[in-house]
Amino acid sequence: MSNSNAYEPPKVWTWDEENGGNWSSINRPIAGPTHEKVLPRGKHPLQLYSLATPNGVKVTILLEELLALGEQGAEYNAHLVKIGDGDQFSSGFVDLNPNSKIPVLLDTETGSRVFESGAILLYLADKFGHFLPKDIAGRTETLNWLFWLQGSAPYLGGGFGHFYAYAPEKLEYPINRFAMEAKRQLDVLDRQLADNRFIGGDDYTIADMAIWPWYGNLVLGKVYEAGEFLDVESYKNLRRWAEEIGTRPTVQRGRMVNRAFGEPHEQLHERHDASDFELRTQDKLEPAEEAS
């Protein structure tokens, strides 16, 4: 690798608004709202503000799974947040999540705001008593993998995904560095699934729902178009798991909610009632920028 164009960091870093790749229009080094806007509210106890990125899909999969079990208290309104337009920097959104990232959940029954996707999964699993084992050993193993995902996915998305798919130029060192880490993570999962049907053992849990939108979609060729580059076909156990979960109707519905990119028939921009899946028509769909 040549160092002829080596970057020399300045003594004090300053923000270059024009050098941010695909997301330069919304990335910034400060927090807080950029504009005033009240968030919409629906009729159900749970109000979700999200976009169908891997982090957003985690939550809608769990909500659809809970509804499939007959938990009517899990009915929810899913409001679309167009992160490419900066919706996450509205005053209403920042009030719920000062970190300005999707997804965020408002439980109107308890008055609780819940931000960070892993925290939302844990909150809903505890509230409804599903998809998180009751025994201490099973619960701990599930949370091991939930927190593994929360710590690992940024290396896949913000690391490999950014430099491989979104950076303004292809750079050898960061792509190699994060490709190596992505493959190590894939191998961790593949080894775990060699002796387990699901990530935590015999039971399908919130750990599977957290990991599938990232690593399941990666080995199924649905994110970053990097399957050949990362040789995802070699992770046989991980692929078996990803395919099994991907056939669940609840997962297919969850993947559609707040989706405003990709194939039109896979999009449901907002979800306010279960019948929205059947009532969806092509003329309701509007193109939107794809996000990771």
- Subset of segment 137-187 that is in a helix (DSSP H, G or I) and of a type in the set (D, E, K, R) - its residue that is surrounded by the most Cβ atoms within 10 Å (Cβ to Cβ): GLU141
- What single numbered condition from (1) surrounded by fewer than 22 Cβ atoms within 10 Å (Cβ to Cβ); (2) under 30 Å from THR247 (Cα atoms) fails to hold for VAL104? (1)
- For segment 45-135, please list each of the helices (runs of 4 or more DSSP H) lying entirely inside it that holds at least 3 residues being touching a Pro at 6+ places or on another chain (Cβ under 9 Å) and over 23 Å from VAL251 (Cβ atoms). 91-96
- Among the candidates GLU263, GLU244, GLU286, GLU290, single out the residue that is at pLDDT 95 or above, farther than 17 Å from LEU48 by Cβ, surrounded by fewer than 17 Cβ atoms within 10 Å (Cβ to Cβ) and of a type in the set (Asp, Glu). GLU244
- Give the residue, chosen from LEU67, LEU39, LEU62, that is of a type outside the set (Val, Ile, Thr), crowded, with 21+ Cβ neighbours inside 10 Å and modelled with pLDDT of 95 or more. LEU62
- Task: Evaluate segment 22-32: report whether one residue or more is part of a loop (DSSP other than H, G, I, E, B), closer than 21 Å to VAL104 by Cα, at pLDDT 95 or above and in contact with a strand residue (DSSP E or B) (Cβ under 7 Å, 6 or more places away or on another chain).
- Result: no
- On the given criteria, is PHE131 more than 30 Å from PRO29 (Cβ to Cβ), buried (at least 18 other Cβ atoms within 10 Å of the Cβ) and of a type in the set (A, V, I, L, M, F, W, C)? yes
- Query: Hey, does segment 150-168 have a residue that's under 18 Å from TYR235 (Cα atoms) and over 17 Å from the mean Cα position of the chain (by Cα)?
  - Reply: no
- Flag for LEU39 being touching a residue at least 40 places away in the same chain (Cβ under 8 Å), out of contact with any Cys (no Cβ under 8 Å at 6 or more places or on another chain) and closer than 29 Å to SER152 by Cα: no
- Query: For PHE198, which of the numbered conditions (1) crowded, with 21+ Cβ neighbours inside 10 Å; (2) closer than 19 Å to GLN252 by Cβ fails to hold?
  - Reply: (1)
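The values are calculated or read from the model by the stated rules, or taken from the named source; none is laboratory data. Because the structure is predicted, anything quoted here is derived from the model rather than measured. Cβ: placed from backbone, ideal geometry, glycine included. Neighbour counts: every protein chain shown.
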